[in-house]
Amino acid sequence: TALGLVRAHKDTQDVLGSVLPQKVSERLKEGEERIAEVVDLAGVFFCDLVGFTAYASQTDAVQVVAMLEGAFGVLEELCGEHRVEKIKTIGDALMVASGVSEVSGVSEVSGLFDVEEAEKSIERLADFACASAQALGVYFRQCDLDLSFRIGIHAGPVIAGVVGKERRAFDIWGDTVNMASRLESTGAPGQVRCSHAVREVLGDGWLFEDCGTISMKGKGEQQAYILMGRAQA
């Protein structure tokens, strides 16, 4: 029936809106078939749960999923507050980006890349990373869980697009993504580790601890910092 078709169409739109960024789902609704673009400057965040493998091996499956739902739910709420974009979960890791779709780095007036807007998006990601570290610490203590986290953030160009036919997914790719992942995996539990590129964008209004150069797989020696948060005025 006509009513059934309308409902089915609405259900499709609702699904698109729930699994894809709003701007991306709007472009698909308008008939755009392939979404793929280069973003000149984006922020990328990785968070991995430390101690998860041991926890999962001795915990009921329902409890494991509930814990992940709770921890990632805390971070998803912070995504909305800081206007950054959840990209996906990968096992016990979460990938988030800024300046990619939710707040574009392209000026709607000129159509040109807006460096100032892109740098503001990286500041939002840094605020989000620090808030995430604090919130996860509180969550694990409240739940009496012997778990921690590692967080890594990097800034640079990425390729963004939608892949899949049956299950469409928005994703990002490139060396910037790999670097953010390496910063996370080489960090210590409870740290927010960032790159020199992030340090340069954030400037003197933030506090950092110099980690020196870190040997990273496929990257060689790379300068890294612990991001401590905004400097007090």
Problem - Cα-Cα over 27 Å, subset of K86/K120; K29/K86; K29/K120; K86/K219 - result: K29/K120
Completion exercise
For segment 152-160, Karplus-derived ³J(HN,Hα) couplings (6.51, -1.76, 1.60; θ = phi - 60°; whole Hz; x for glycine and proline) come out as x, 9, 9, 9, x, x, 9, 9, 10
Handout entry: Accessible area in square angstrom per residue, segment 124-218, 1.4 angstrom probe
Key = 48
Fill in the blank from the handout: Taking a ≥ b ≥ c as the square roots of the eigenvalues of the Cα gyration tensor, with a/c under 1.5 meaning rounded and otherwise prolate when a/b exceeds b/c and oblate if not, segment 117-233 is rounded
Handout entry: W173 accessible area, 1.4 Å probe, all protein chains in place, Å² to nearest 10
Key = 100
Fill in the blank from the handout: Residues meeting the amide H criterion for F149 (H placed from the backbone, H to H distance under 5 Å, 5 or more places apart or on another chain) are V50, G190
Problem - ³J(HN,Hα), Karplus 6.51/-1.76/1.60, whole Hz, each residue of segment 161-166, x for Gly, Pro - result: x, 10, 10, x, 10, 6
Problem - All aspartates and glutamates inside 15 Å of K217 as judged from Cα atoms, apart from same-chain residues fewer than 8 positions distant - result: D175, E184
Handout entry: Accessible-area ranking of I153, I159, largest first, probe 1.4 Å
Key = I159, I153
Practice task
Give the carbon-plus-sulfur fraction of the accessible surface of segment 118-176 in %, rounded to a whole number; probe 1.4 Å, heavy atoms of protein chains only.
Solution key: 47
Handout entry: FRET efficiency, 1/(1 + (r/R0)^6) with R0 35 Å, evaluated for E69 and E209 via beta carbons
Key = 0.60
Exercise for the section: Leaving ligands, DNA and RNA out of it, work out the accessible area of E30 with a 1.4 Å probe and give it in Å² to the nearest 10. Expected result: 150
Exercise for the section: Starting from the exponent 0.38 and prefactor 2.2 Å, build the expected Rg for segment 132-178 from its residue count and divide its actual Cα Rg by it. Expected result: 1.72
Completion exercise
Total charge of the residues flanking V158 in space, meaning their Cβ is under 11 Å from its Cβ, with Lys and Arg +1 and Asp and Glu -1, is -4
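The values are calculated or read from the model by the stated rules, or taken from the named source; none is laboratory data. All of these numbers come straight from a predicted model, not from anything done at the bench. Every residue, glycine among them, receives a Cβ derived from its backbone with ideal geometry; neighbour counts consider all protein chains shown. Each accessible area value is taken on the protein alone, full model and side chains, heavy atoms only, with ligands, DNA and RNA left out. Shrake-Rupley method; radii C 1.70, N 1.55, O 1.52, S 1.80 Å.
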